[in-house]
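Read the structure below first, then the notes.
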Amino acid sequence: MRAIFIYAWTCIKRFFRDPVALFFTLAFPLLFLFVFGSIFRGGGDVSFNVAIFNQSKSSFSQEFVTNLTKEKTFKKVDIGSFDEAKEKMGRGEIDSIISIPTEFGQPNQQQLPSGKLDVYYKESNPQAGQTVATIINSTLTGVSQKITGQQPLFSVEQKPTTTSNLTQFDYTISGLLGFAILSMGIFGLANQFPAEKKAGSLRRLQATPFTKGQLVIGTLIYYGVIGLLSLGLMLTVAVSVFGFDMRGSWLLLLGFLIISIMLMLGFGLLIGGWAKNENQAAVLSNAVSFPLMFLSGVFFPRYLMPEWLQGITGYLPLTPVVDGIRYITTENASLIDLLPQLGIIAVWIIVIYALAIKLFRWS
Amino acid sequence: MKDIISVKGLTKQYGNVTTVKGISFTVKEGEVFGILGPNGAGKTTTLEMIEALRPIDAGSVMLDGIDVARHPQKIRHIIGIQLQSSAFYDKVTLKEQLIMFASFYGKRVDPIELLAQVELADKAGSYPEKLSGGQKQRFSIASALVNEPRVLFLDEPTTGLDPQARRHLWDLIRAIKKRGITVVLTTHYMEEAQLLCDRLAIMDSGTIIAMDSPKNLIKQLLGRGFKKPEVIEQADLEDVYIDLTGKALREG
C-alpha cells in the first residue's frame with residue numbers, strides 16, 4: 001500500500017518538474033476554455049437573433065416577415081418547433097421569438113390590415129427581447145401611420161418565457177470538461193508508458209517486487225490527482241471569469257468526474273500498457289479519441305445527428321460522461337437521475353480494465 | 001560453501017532459434033561469479049531468466065532454495081539487479097528514487113547512507129540524467145542494494161566507462177563482496193574477470209564452453225602447451241594512461 005502511494009507521489013512530483021507536461025495538462029485546457037468562453041459569451045453587436053413563427057397566411061404578414069428579415073438588425077434563425085425555440089432562447093442562442101397568429105394582417109371593418117403579434121423574451125434576461133419588441137412596435141406604428149395617418153392598426157404584446165437562465169457557455173462546459181478528461185486520460189497515459197518502456201525505467205520497476213496491479217493503481221492515483229487539479233482549475237476559471245452557472249451539487253459533480261477520469265484512464269492504460277512504442281500508441285490513441293470527440297457530443301451536440309446515429313453514439317464511453325456532467329450542471333440531476341449514465345460507464349470500466357490488465361506488457 | 005544458485009538445463013527459445021541451449025552451473029554463496037562471452041552468446045538472456053525477468057522455456061533455476069519459475073515474486077525480494085540498459089525516472093532525485101525503490105520492497109532506507117556507500121552522497125538532490133556514466137552505474141548499484149539482497153546481478157557494469165571509473169566500480173564490487181553478498185556479473189573485459197571473479201563461465205552461442213577459476217583456466221591453457229607469441233611487457237598502454245591521468249578517482 002505504502003509502495004503505491006510513494007510511487008504515485010513520486011510521479012506527481014516528477015510531473016510538476018516537467019514544464020511541457022504542465023503546459024499541456026493544465027494550461028492547454030484553459031486555453032480551450034478561454035476560446036470557447038469568449039465565443040459563446042460574446043455578442044455585444046446590435047443584431048438580434050430571432051425565431052419567427054408565422055401562422056398567418058395573409059399577404060401583409062408574409063411581406064412583413066420578409067421586410068423584417070431584410071433588416072440588418074434581425075437575424076432570422078430557422079427553428080422547427082416553438083418549444084425548441086424556447087429552449088434555444090434559454091441557452092442564449094436566440095434573443096427573441098416572434099409569434100404571428102393566423103388573424104394577423106387580416107382586414108378589419110375598414111378593410112385595413114390589422115392585428116396583434118406576440119414577442120417572447122426571456123424572463124430572467126429581458127433586455128434583448130424587450131428591445132426587439134420595441135423595435136417591432138415602432139416599425140408597425142410607422143406602417144399604420146402610412147396607411148391611415150394616425151390610427152394604430154397593430155399591437156405588440158410582450159410575453160416572458162420562463163426557461164432557466166442558462167447561457168450557451170453553461171452547456172458548452174460539459175463538452176469542454178469531457179474533452180479535457182478524454183485528452184488527459186488517453187493521450188497523457190497512452191504516451192507515458194511506451195516512453196518509459198523505451199527508456200527502460202519500466203523494466204527497472206519490473207525487476208522489483210512492485211506488481212502490475214500496484215503500478216496500475218499507483219498510476220491511477222497519480223493521474224486522478226492531476227486530472228482533478230486540471231478540471232478544478234477549469235471550473236474555477238469558468239465560474240470566476242465566465243460566470244458559469246452551476247445548478248447541481250458540486251459534490252456529485254466531483255464524484256462523477258472521478259469516475260469519468262477513471263474510465264478514460266482505462267483507455268490510456270490499455271493503449272499505453274499494450275503498445276511497445278510511441279508510434280503504436282499515437283495511432284491507437286487517435287483511432288480511439290477522434291470518433292469519441294466527434295460522436296459523443298463534445299464539439300457537436302448529439303441532437304443534430306440523425307436518430308439512428310444518436311442511438312448508437314449513446315453507448316460510446318464518452319457520451320455518458322458528457323451527458324452526465326451536463327445533467328448535473330444544468331439540470332441539477334440527482335444520483336438516481338444519473339443511473340443510466342453510470343450504468344454505461346460501469347460496463348465500459350469493467351471491459352476496459354479487464355483488457356488493460358490482460359494486455360499490459362512491461363517492455 | 002553452499003551453492004546459492006543452481007542452474008540445470010536452462011533453455012531459451014525464440015521461434016526456432018535457441019539462444020540458451022540447456023546450460024547448467026552453480027554459484028557458491030559469497031563468491032563473485034563471472035559470465036564471459038562475445039555479444040549474442042546468451043549472457044544477458046541467461047541472467048534475465050535467473051532474475052525472473054524472462055520466462056524459462058526449459059530447465060530449472062534454484063536460488064537460495066527457491067524455484068525461480070514458481071516463485072518469481074519471492075526471488076525479486078532477495079535479489080538486486082543492475083540492468084544493462086538501466087534507466088531511472090528523469091526529474092526524480094537520487095534520494096527520491098531510493099526511497100521509492102525501497103518502498104517497493106516494503107522497506108525504509110536511509111538514502112544518504114546508501115548513496116555514501118557508492119560515494120554519491122553529495123548527489124542526493126541531483127537527477128539521474130545529470131550523472132556521468134560511472135556515477136550512473138554506481139547509482140544503479142545503490143538502487144539494487146536497497147533491499148539488502150542475497151545476490152546482486154550486474155550486467156556489463158563497466159561497459160562504456162573510462163578506466164578510472166572502471167577501477168572505481170571494481171573497488172565497489174569488492175566492498176560488496178566483503179559484506180557477504182554474492183555477485184553474478186557479465187563482462188567483456190578479461191582484465192576485469194581476472195581481477196574480480198572467483199570463478200567464471202565462458203559462454204559461446206548459447207552454451208558454456210569453459211568454467212573454473214581464472215587461475216585454473218590459465219593453468220589449463222598453459223597445460224595445453226600455450227605460449228604467448230611475444231615477451232610479456234612490464235607495462236602496457238593502460239598502465240601509462242592511468243599513471244599519467246592519475247590513479248586517484250577524479251569523477252564524482
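Observations, loosely collected:
- Counted over the protein assembly as shown, the DSSP beta bridges are approximately 40% antiparallel.
- Distance from the C-alpha centroid of the stretch A:201-280 to that of the stretch A:19-98: 35 Å, rounded to the whole angstrom.
- Amide H to amide H, with H built 1.01 Å from N, residue B:58 comes under 5 Å of B:11, counting only residues 5 or more places away or on other chains.
- Treating each Cα of the stretch A:178-224 as an identical point scatterer and summing with the Debye formula, the log10 of I(q)/I(0) at q = 0.20, 0.27, 0.33 Å⁻¹ comes to -0.72, -1.06, -1.19.
- Loop-located trypsin sites (Lys or Arg not before Pro) in the stretch B:1-35 (DSSP state not H, G, I, E or B) with no more than 14 neighbouring Cβ atoms inside 10 Å: B:2.
- Helical runs assigned H by DSSP (4 residues or longer) give the protein assembly as shown a calculated mean residue ellipticity at 222 nm of -16000 deg cm²/dmol, each run adding -39500 (n - 2.57) before division by the residue total.
- For chain B, the direction-averaged projected area of the alpha-carbon convex hull comes to 15.3 nm².
- Heavy-atom surface of the stretch A:48-161, accessible at 1.4 Å and reported per residue (Å²): 53 Å²
- Neighbours of residue B:58, meaning other residues whose beta-carbon lies under 12 angstrom from its beta-carbon, give a summed charge of +2 when Lys and Arg score +1 and Asp and Glu score -1.
- Distances between placed amide hydrogens fall under 5 Å for residue B:199 paired with B:32, B:34, all partners being 5 or more residues away or on another chain.
- Percentage of interatomic Cα-Cα distances in the stretch A:10-103 larger than 23 Å: 50 percent
- Helix A:339-359 axis, angle to chain A major axis (alpha carbon atoms, nearest 10°): 30 degrees
- Compactness of chain A was expressed as the Cα radius of gyration divided by 2.2 N^0.38 Å, which yields 1.31.
- Taken over the stretch A:48-161, the alpha-carbon convex hull comes to 92 cubic angstrom per residue.
- Its convex hull of Cα atoms gives the protein assembly as shown a direction-averaged projected area, equal to a quarter of the hull surface, of 38.7 nm².
- The angle between the Cα long axis of helix A:212-240 and the main principal axis of chain A comes to about 30°, on a 0 to 90 degree scale.
- In the B-A interface, the accessible area buried, summed over both sides, Å² (probe 1.4 Å): 2500 Å²
- Here the stretch B:9-71 is treated as an ellipsoid with the same Cα gyration tensor; its semi-axes, largest first and in whole Å, are 19, 16, 9.
- The chymotrypsin sites (Phe, Trp or Tyr not before Pro) of the stretch B:147-252 that meet both conditions, a loop assignment by DSSP and at most 12 other Cβ atoms within 10 Å of the site Cβ, are B:226.
The values are calculated or read from the model by the stated rules, or taken from the named source; none is laboratory data. Keep in mind it's a predicted model, so treat the numbers as computed, not measured. Neighbour counts run over all protein chains shown; Cβ positions are idealised from the backbone, glycine included. To get the accessible areas, we keep the full protein, side chains included, count just its heavy atoms, and leave off ligands, DNA and RNA. Shrake-Rupley method; radii C 1.70, N 1.55, O 1.52, S 1.80 Å.
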